């Protein structure tokens with residue numbers, strides 16, 4: 001199929017962004033985020049959209065290219081965080097050479113563009129995951145009053161992966177990723193079948209040793225959520 005219709009290209013562009021930078025990616029399509037083929041298609045589609053906008057009005061193509069920057073006046077785009085987290089969880093990326101990591105970073109971030117300094121910053125943030133521990137998270141950051149947003153577990157990947165999302169009282173979310181899950185238990189209790197309340201973190205215990213362990217209870221009015229996760233690795237983003 002070949003098209004030069006701007007609206008068709010725009011729809012395809014948005015679909016690719018949704019797939020590449022999904023907050024809750026489908027484990028069966030995990031390779032989409034780092035696919036060189038999809039990265040190339042994403043770049044080509046955006047280039048074509050810029051050309052069409054330039055034909056429509058001189059100078060507009062450059063404005064669209066400027067929008068493409070991964071960092072704007074407000075800082076790094078939200079897609080940056082998702083790409084960093086994807087790289088941290090990719091065993092091939094973590095063990096690759098510096099040159100291959102740069103190439104991989106460009107694939108993860110496409111169709112957004114970045115400077116050499118920003119790519120170096122990307123690699124630094126990816127490498128910082130080695131210091132992530134549950135004890136550090138709960139000790140150095142205030143999670144009091146955090147709400148239980150979601151928790152998912154995929155046992156069909158190597159070792160099993162889990163993801164816990166907490167809503168912070170001060171605003172924003174805390175994403176916690178567990179790799180090599182050994183134990184995973186979650187239960188929900190509600191006075192009624194339908195609960196319109198969101199559980200709040202009431203108590204927890206964490207430990208970091210040979211395994212990362214989190215045992216937490218979330219309660220609020222009619223709803224109670226109990227969670228236990230034991231895993232080989234943990235990574236988080238605030």
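Throughout, read-outs are computed from the coordinates displayed, never taken from laboratory work. Since the structure is predicted, the reported quantities are computational estimates derived from the model, not experimental observations. Every residue, glycine among them, receives a Cβ derived from its backbone with ideal geometry; neighbour counts consider all protein chains shown.
What the table below lists for this structure:
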{"item": "Rounded FRET efficiency, nearest 0.05, which uses the C-beta distance separating residue 203 from residue 183 and R0 of 22 Å", "result": "0.70"}
{"item": "Linear extension gain, residue 2 paired with residue 64, 0.36 nm per residue minus alpha-carbon span", "result": "20.1 nm"}
{"item": "Per-residue [θ]222 nm for the chain (sum of -39500 (n - 2.57) over DSSP H runs n ≥ 4, rounded to 500)", "result": "-11500 deg cm²/dmol"}
{"item": "Alpha-carbon radius of gyration plus Dmax, which is the widest Cα pair, for the chain in Å", "result": "20.5, 63"}
{"item": "For the range 132-237: Kirkwood Rh in Å [reciprocal of mean 1/r, alpha carbons]", "result": "14.0 Å"}
{"item": "Paramagnetic reach from residue 210 (point 7 Å along Cα→Cβ, amide N under 17 Å) across the range 171-192", "result": "180-183"}
{"item": "Cα→Cβ-extended label distance, 7 Å offset, between residue 142 and residue 232, nm", "result": "3.7 nm"}
